[in-house]
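Worksheet for the structure shown next.
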Amino acid sequence: MQVVVNQSLDQVPTDIELLPTTGGFFENLLLSCGYSNEHLPVADLLRQALNLKEGKWVVVSPIHWEASHNDATISAVGSNLDLSDDEAKQWFDVFADFIQHDGMEVVFVNNYTWLINIHNLPTIHSKPLYQVVNQSILPHLKALDEGMYWQRFITETQMLLNSHPLNAERPGLPINGVWLWGEGQLSPPTSLPVLISDDTLKPYASILSTNVNHYTPTVKHNKNNILLLSTLPESKRHTLAMALKRYKTCWYWNNGAYKHRKRGWISRIWS
C-alpha cells in the first residue's frame, strides 16, 4: 500500500529506514504509480490535468545556485526559497518576457512549478530536480542536449535573474536561475486502485488510473491501494497508520518518505 500526502511532515515517526523520495507531490505520485525515479514525466501529467495542448512540455523550477571559480551547485529549491504568491508571479513574468523571442508557451502552475512548451526546439534530456540538488551542475548541463542549446539557455537565464532588481527586495536567498526537467510522455492509464481524499486530486489520479474512487475512513483497504490525500493532520496520521498496520505501507510526503511495517515505523526525511 502507498500513501501520498500533498503536505510536509512535521513530526518524524521513530525507527527510520531510508526510502527514495522526490520532495514533491507530483513526483511522489508518479513514483507510487510505478514510474522510475530516473524518468518522471511531471510536465505531461500537469499538461493533461490542465487541458493544455499537446507538445514537448517541460517543468521550469526557479532555483538558487552557488558558483565557484570552476563549478556551480543548486543549493535551494521549492519551499526553501520562501516565495510569496506575489513574488512568484513577478518572477514568472520576468521569465515569460525573457523567453518570448524563442516562441515558447509558458504556463504558471504554482509558485515553484512553471511549464514551457518547447515543441519547436531541441529535445532536452534532463535529470529530475531532486537528483541534481547539492551536486555539481556542470555534468548535468552538458548532458541536456548535444547542440548545447539548453546549456546556453540556462546560463543566459542565470545571468538575467542573478542581476534582476527583484533580488534586491528579497530578504532571503536570491532567485538566480532555473532548472528544466520533467520531460517525456506518460504511459496509458493502468487499473491500479487509487483512492482520493477530495475532487482536487481527481484530475491527476484519473490520468494515471482507470480505477479511481473517493476515500472514506470506512473504506476497505488492500495491499495494492494508492491513497492520495490533500492534507493529513498529525492526529489523523496516527489513526490512519493504525488502520494500515497490517500492510507494508510506503508513505510519501513533500519533504520525506518512510515505510510503515507491521512491527514499527520506518521513515526518511528528505533534505
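Within the stretch 194-210, the residues that satisfy the criterion of being surrounded by 16 or more Cβ atoms within 10 Å (Cβ to Cβ) and in contact with a Ser or Thr (Cβ under 8 Å, 6 or more places away or on another chain) are Val194, Ser197, Leu201, Leu208, Ser209.
Can you tell me which of Gln100, Gln131 is farther than 15 Å from Asn176 by Cα and within 21 Å of the chain's Cα centre (by Cα)?
Numbers: Gln100 fails: within 21 Å of the chain's Cα centre (by Cα).
Sole residue among the options that is farther than 15 Å from Asn176 by Cα and within 21 Å of the chain's Cα centre (by Cα): Gln131.
The residues listed here are Glu27, Glu54, Glu105; of these, the one that is in contact with a Leu (Cβ under 6 Å, 6 or more places away or on another chain) and among the acidic types (Asp, Glu) is Glu27.
Considering only residues that are among the aliphatic types (A, V, I, L, M), modelled with pLDDT under 95 and either assigned to a helix (DSSP H, G or I) or buried (at least 20 other Cβ atoms within 10 Å of the Cβ) (or both), which ones fall in the stretch 33-71? Spell out how you get there, then give the answer.
Filtering the stretch 33-71 for residues among the aliphatic types (A, V, I, L, M) gives 40, 42-43, 45-46, 49-50, 52, 58-60, 63, 67.
Of the ones still in play, those that are also modelled with pLDDT under 95 are 40, 67.
The answer is Leu40, and nothing else.
If the condition is being assigned to a loop (DSSP other than H, G, I, E, B), over 18 Å from the mean Cα position of the chain (by Cα) and among the polar types (S, T, N, Q), then the stretch 221-238 contributes Asn222, Asn224, Asn225. Annotation: Cys250 fulfils all but one of (1) modelled with pLDDT under 85; (2) part of a strand (DSSP E or B); the unmet one is (1).
The values are calculated or read from the model by the stated rules, or taken from the named source; none is laboratory data. The structure displayed is predicted, hence computed values, not measured ones. Positions of Cβ are generated from backbone atoms using ideal geometry, with glycine treated the same way; all protein chains shown enter the neighbour counts.
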